[in-house]
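Written below as structure tokens is the structure these notes are about.
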Amino acid sequence: MNHYRLFRRAALAGALALPILTTGCGLFSQPASESIDPPQNSSQNVDAVIDDGQTVAAGEQGDQSQMTLYLKDRNGLLAPVSVMATLGAEEKAGQKALEMMVEGGAYESEIPDGFQAVLPKGTAIKGLNIVPDQKLAVVDFGQSFADYNAADERKIVEAITWTLTSLPDIQKVEIDLEGQKLAEMPVDGMPIDDQLTRAVGINLEAAEGVDYSMSTPVTIYFSAVTPDNVSYYVPVTRLVNRSNNKAKTAIEQLISGPINDLPVKAVMTPDVLVKDVTKKDGIVTVELQDDSYQAGQPEPAEMLQAVVLALTENTGLGKVQIKLNGKTDFVDTNNQSYTEPVSRPEYVNAFKG
């Protein structure tokens, strides 16, 4: 066996897992058998029980509901954060989520350490209208929404879009200001006349040498740590040259790791190869080759979870079958079996402190 590969693989697993084990916090809060917060509305996201398994589902504690917010981390990147929130009888989950994302707002104390709200201070959510047959959420902001720095404009659009589309049956977003539909953002003029979807991307970057006129976006997931050394996933939309297999390209980019000095860490070692990615009957199948793998040993959970997140995000499908060196009879470091296809979990980055 190539001992260098084995060392790199072990180091990767240790670097990602140690903060979780020492803090009792987790990246995911739902088992793989349950579908969650989908990409095209099935995303946030393998029996990846990295927390203590005591997460309360919506409704189990009266009016408490779990939801996903997209918040800015200490590196200035947006990341999904799963929180518990109390909903009043007439409150909508989407509106409550946006209220929790207001800087200096009433829910600021509920934001985990290392993250911050992205909506401008004083922002009022005057209304949220869901159009079910269009899977559209129309959010109406008060005038204070327009009081932000131009440099933050794109992040605000991304955070609103990805937060609302993490909710069931919402795939598109419209932003209004004082009851009037915005054709562009009020400070720097980012066009938003078309309905917003996750195609807007998140933490956007471009691969080296990419031809913008011939590019396609892929969203992949890397790792970062909070000030308390707790690991979490960060989604990155990378523009790459077009290919005839976008899902395979996404996994290749995941393997290639971070670029442009992005303050995140790789979740896979570069010696892992992706042989093929195919789609059939609502399942996306990826064939990985890892020459350092020995039968019977677990593969790093964080690597496999990132594969599931990337494939479901880029295909819109809810289940992933991972083949490792042609086999499916393996488990990860969380003892999750991959013999059968696994679903994208509903909640990711579920900090429990």
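When ligands, DNA and RNA are left out and all protein chains stay put, how many square angstrom of accessible area per residue does segment 223-319 have with a 1.4 Å probe? Don't skip to the end; give the middle numbers.
Working: 3730 Å² over 97 residues.
Normalised by residue count, the accessible surface of segment 223-319 is 38 Å².
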For Lys279, counting only lysines whose alpha-carbon sits under 21 Å away and dropping same-chain residues fewer than eight positions off, the answer is Lys246, Lys248, Lys319, Lys323, Lys327
Please report, in debye to the nearest 20, how large the charge dipole of segment 119-240 is about its Cα centre when each Lys and Arg carries +1 at its beta carbon and each Asp and Glu carries -1 there. 280 debye
Dipole-positive endmost among Phe141, Met185, Ser231 within segment 99-251 (Cβ charges, Cα centre): Ser231
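Counting only Cα atoms, I'd like the Rg/Rh figure for segment 208-322, Kirkwood definition for Rh. Could you put the intermediate results ahead of the total?
Numbers: Rg = 14.4 Å, Rh = 14.9 Å.
Ratio of gyration radius to Kirkwood radius: 0.97.
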For Gln134 and Lys327 in one chain, what is 0.36 nm times their gap in residues minus the Cα-Cα distance, to one decimal in nm? 65.4 nm
Projected onto the charge dipole of segment 155-271 (+1 at Lys/Arg Cβ, -1 at Asp/Glu Cβ, origin at the Cα centre), which of Gly201, Trp162, Pro258 gives the Cα projection farthest towards the positive end? Pro258
How much accessible area per residue does segment 87-166 have, counting only protein heavy atoms and a probe of 1.4 Å, in square angstrom? 43 Å²
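Using DSSP to define loop residues, name the GluC sites (Glu not before Pro) in segment 183-218 whose beta-carbon has at most 15 other beta-carbon atoms within 10 Å. Mind showing how you got there, number by number?
Details: sites: Glu184, Glu205, Glu208; in loops: Glu208.
Those that pass, being in a loop and sparsely packed, are Glu208.
Taking all protein chains as present, what is the carbon and sulfur share of the accessible area of segment 294-339, in % to the nearest whole number, probe 1.4 Å? Walk me through the intermediate numbers first.
Details: 710 of 1570 Å².
Carbon with sulfur: 45 percent of the solvent-accessible area.
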Is there a quick way to get the dipole size of segment 274-353? I mean about its Cα centre, with the Cβ of Lys and Arg at +1 and of Asp and Glu at -1; what is the value in debye to the nearest 20? 220 debye
Segment 295-353 - Debye-derived log10 I(q)/I(0), Cα point model, q = 0.13, 0.15, 0.20 Å⁻¹: -0.34, -0.45, -0.77
Take the Cα pairs of segment 164-245, get the Kirkwood Rh, then feed it into Stokes-Einstein at 25 °C and 0.890 mPa s and tell me D in µm²/s. 159 µm²/s
Could you check how much of the accessible area of segment 65-168 is carbon and sulfur, as a whole percent, using a 1.4 Å probe? 45 percent
Give me the one-decimal nm value for the distance between modelled label points at Ser337 and Ser109, 7 Å along each residue's Cα-to-Cβ direction. 4.6 nm
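Report the semi-axes of the equivalent ellipsoid for segment 130-287 in whole Å, largest first, where each axis is √(5λ) for an eigenvalue λ of the Cα gyration tensor.
On the way: eigenvalues 191, 78, 52 Å².
That gives 31, 20, 16 Å for the three semi-axes.
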Which one, Leu288, Asn244, Pro270, is farthest towards the positive end of the dipole of segment 234-288 when Lys and Arg carry +1 and Asp and Glu -1 on their Cβ? Asn244
Zero-based 10 Å bins, Cα pair distances in segment 119-203, whole percents: 18, 56, 24, 1
On a C-alpha basis, how far is the centre of segment 97-140 from the centre of segment 291-332 in Å? Whole number, if you could? 34 Å
Between Glu178 and Gln195, what is the label-to-label distance in nm when each label sits 7 Å out along the Cα-to-Cβ direction? 2.7 nm
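The values are calculated or read from the model by the stated rules, or taken from the named source; none is laboratory data. All figures in this text were calculated on a predicted structure; none of them were measured in a lab. Note that each Cβ is placed from the backbone with ideal geometry, even for glycine, and that neighbours are counted across all protein chains shown. Accessible surface is based on the protein model in full, side chains and every heavy atom, while ligands, DNA and RNA are left aside. Shrake-Rupley method; radii C 1.70, N 1.55, O 1.52, S 1.80 Å.
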